[in-house]
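The values are calculated or read from the model by the stated rules, or taken from the named source; none is laboratory data. Everything quoted here is computed from the prediction, not taken from an experiment. When we count neighbours, we look across all protein chains shown, and the Cβ atoms used for this are built from the backbone with ideal geometry, even at glycine. These accessible areas exclude ligands, DNA and RNA; they are computed on the full protein's heavy atoms, side chains included. Shrake-Rupley method; radii C 1.70, N 1.55, O 1.52, S 1.80 Å.
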Amino acid sequence: MKKTIVGNELPHIPWENKPSGCLDPVWRYSRNPILGWNPIPKAARIYNSAVMPYEGAFVGVFRADQKNGRATLFYGKSKDALTWEIGPDPILWVDENGKPNPTSYAYDPRLVQIEGTYYIVWCDDMHGASIGLGTTSDFKTFVRLPNPLMPFNRNGVLFPRKVNGKYLLLSRPSDSGHTPFGDVFISESPDLIHWGKHKFVMGKGGQGWWQGVKVGAGPIPIETTEGWLLFYHGVSTTCNGFVYSYGAVILDIDHPARVLYRTRDYLLTPEKPYETTGFVPNVVFPCANLYDAVTGRIAIYYGAADTCTALAFAQVDELIDYIKKNSESL
Ligand code: BMA
């Protein structure tokens, strides 16, 4: 069988075949959402969260909005990546000397393994929105590392391996609120501490109006023989507020600042009741993907309406073919 994804097999990836009659390259899990309102005693809503395979099962770092409204990160584990055991308490971050180093708020985590170490990137508070970075070796002790970039910034996404000998981080510089800054940049580092050589990757706009206000990188990019496959969210404005959809780009494998293809139309937009109704209506926001390199199956984890966690599926060859044939002119 053709192997397009460069990576490991994951035979127990959550999966459901495409429903008959569906023409779209991305389709929803029929039992969505997998986490609904008040999923654990200490959180009202769990969404925009990160999961990954770990020791034959799955682990996750979850964005959980507590009942005081504050966004916090919780650890969770699962045998099937569908039913999750989360919490009961937020992650207790420590500094590199083991002293408590709590976050004041933390949201939209991404989780990645690079050279055997696990890293969590999230939206942090450093006198305003900024990128937070932490690490763990066992999902028991979570150590905060220095904030990689200056505020204000969101949607930090690390690549799963070094490229040309450097760690790579995507981010979306902004100001402190829901801002008009909406473009994605890439930075590189020899050590995850010192970041530089910043480059522009992609901007809001294009022919697709769904991505006309801002765009932001989503889950950890998937390495494929065609380039890095990266899902991203795109925002448009209506008279009732923002609408968050998602699409995907293919980035050059050795020079990921170079976009090769980019979806002109969204892959998924809020349509289902759990996406159109909730704490913030009309939001689908992907933060994680699982994949099986043998079958090319991809499971996308996304937050729905800032309330629920939902799942969608794609097959890599069909998806890449679709992106190439339906690309924005770049
Ligand atoms: C963004 C982030 C996301 C959220 C989205 C829609 O700015 O804060 O966490 O899902 O807004 O509210």
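Examine segment 321-330 for a residue that is of a type in the set (Phe, Trp, Tyr) and either within 13 Å of the ligand (Cβ to nearest atom) or open to solvent by 10 Å² or more (accessible area, probe 1.4 Å) (or both), and state whether such a residue exists. Yes, some residue in segment 321-330 is of a type in the set (Phe, Trp, Tyr) and either within 13 Å of the ligand (Cβ to nearest atom) or open to solvent by 10 Å² or more (accessible area, probe 1.4 Å) (or both).
Within segment 173-230, the set of residues being in contact with a helix residue (DSSP H, G or I) (Cβ under 8 Å, 6 or more places away or on another chain), touching a residue at least 12 places away in the same chain (Cβ under 8 Å) and more than 20 Å from Ala312 (Cβ to Cβ) comprises Lys204, Glu226. Any idea which residue in segment 99-143 is farthest from Gly56 (Cα to Cα), counting only those that are of a type in the set (Lys, Arg) and free of Cβ contacts under 8 Å to residues at least 40 places away in the same chain? Checking each candidate, the answer is Lys99. Just one of the numbered conditions (1) open to solvent by 10 Å² or more (accessible area, probe 1.4 Å); (2) more than 16 Å from the ligand (Cβ to nearest atom) is not true of Thr263: (1). Of all residues assigned to segment 225-232, at least one qualifies as being more than 16 Å from the ligand (Cβ to nearest atom) and loosely packed, with under 14 Cβ neighbours inside 10 Å. Does Arg110 fit the bill of being open to solvent by 10 Å² or more (accessible area, probe 1.4 Å) and of a type outside the set (S, T, N, Q)? The answer is no for Arg110. Contact map, segment 281-310: first residue more than 12 Å from the ligand (Cβ to nearest atom), second residue of a type in the set (Phe, Trp, Tyr) and open to solvent by 10 Å² or more (accessible area, probe 1.4 Å), Cβ cut-off under 6 Å, separation 6 or more or different chains; pairs are Arg297/Trp15; Ile298/Tyr291. Looking at segment 272-318, the strands (runs of 3 or more DSSP E) lying wholly inside it that each contain 1 or more residues that are crowded, with 22+ Cβ neighbours inside 10 Å and over 14 Å from the mean Cα position of the chain (by Cα) sit at 308-315.
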